[in-house]
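Structure first, then comments.
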Amino acid sequence: MVTKLNAIPTLASLYTSTLSSPAPSTLSASIYPFASLLSLHCGDITTLSVDAIVNAANNSLLGGGGVDGAIHRAAGPSLLSECRTLNGCETGSAKTTSAYNLPSKHIIHTVGPVYKSSSHDESERLLRSAYRSSLDELNRIGGKTIAFPSISTGVYGYPFEKAATAALDEIGSWLESNNNHKNIERIILCCFSQKDYDKYLHLAPTLFPPQDVFNQYAVS
Ligand code: AR6
């Protein structure tokens with residue numbers, strides 16, 4: 001099964017169609033006006049037809065369980081052969097391969113932190129770096145559409161809501177910096193369960209408010 005981009009609504013269209021999103025009580029310039037570039041999706045990331053899907057890998061880049069295992073199984077054995085040439089990846093960094101049998105064009109492999117291995121602040125810094133490095137990689141390869149799994153929230157034990165908040169904030173801050181939003185068509189946050197999707201749906205309007213609300217209240 002392949003899921004095309006036009007089958008996945010943007011946050012902005014979700015706001016107008018299904019959500020009655022009240023204006024957040026405190027709006028500031030640090031809230032990101034990019035709801036039309038973001039989507040939430042519940043499903044298997046290996047089915048998404050985008051320029052790049054992100055793999056939540058480990059430092060070896062030689063495969064594993066969770067989303068990493070699913071991506072290697074669906075892409076086929078040529079992926080592992082290419083990964084062997086990459087000499088691993090540091091936590092918080094990202095490297096790109098072809099996507100082989102997947103409907104996406106590329107796989108951006110990143111490594112999130114093991115939550116319990118260091119302090120919360122250090123884990124958050126590394127998680128943010130994993131999102132930012134993946135987006136920088138997308139720019140580098142000239143891609144415009146990308147899908148992320150919830151990095152570090154499975155085997156690596158990062159509490160989901162803390163990870164989702166950091167992910168949304170880092171994506172917003174990346175879009176704002178260097179006019180990156182001009183190069184992006186869509187960033188999909190792919191959740192593997194309805195429960196995770198609902199948590200993102202609850203958090204998203206705070207950081208990415210409905211556009212008309214932003215225009216009405218925001219100070220530039
Ligand atoms: N599509 C989308 N999301 C998925 C899929 C899928 N097919 N499968 C799992 N998830 P995890 P981590 C979600 O454990 O915590 C591997 O062994 C899952 O529900 O895959 O970063 C690596 O080799 C969770 O929300 O990654 C590393 O050793 C999220 O993906 C280690 O796990 C991440 O869960 C990395 O751990």
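The values are calculated or read from the model by the stated rules, or taken from the named source; none is laboratory data. Remember, it's a predicted structure, so these values are computed and weren't measured experimentally. As a convention, Cβ positions derive from the backbone with ideal geometry for all residues, glycine included, and neighbour counts pool all protein chains shown.
No other residue among 106, 120 is more than 11 Å from the ligand (Cβ to nearest atom) and closer than 28 Å to residue 198 by Cβ apart from 120. No other residue among 175, 168 is within 16 Å of the ligand (Cβ to nearest atom), within 17 Å of residue 36 (Cβ to Cβ) and at pLDDT 95 or above apart from 168. Looking only at residues in the stretch 148-179 that are hydroxyl-bearing (Ser, Thr, Tyr) and crowded, with 16+ Cβ neighbours inside 10 Å, the one that is nearest to the chain's Cα centre (by Cα) is 150. Determine whether residue 209 is assigned to a helix (DSSP H, G or I) and in contact (Cβ under 8 Å) with a residue 24 or more places away in the chain. The answer is no for residue 209. Of the residues screened, residue 97 is not one that is buried (at least 18 other Cβ atoms within 10 Å of the Cβ), within 14 Å of the ligand (Cβ to nearest atom) and at negative phi. Within the stretch 65-96, the set of residues being part of a helix (DSSP H, G or I) and touching a Gly at 6+ places or on another chain (Cβ under 8 Å) comprises 66, 67, 69, 72, 80, 83. Within the stretch 193-204, the set of residues being part of a helix (DSSP H, G or I) and out of contact with any helix residue (DSSP H, G or I) (no Cβ under 7 Å at 6 or more places or on another chain) comprises 194, 195, 197, 198, 201, 202.
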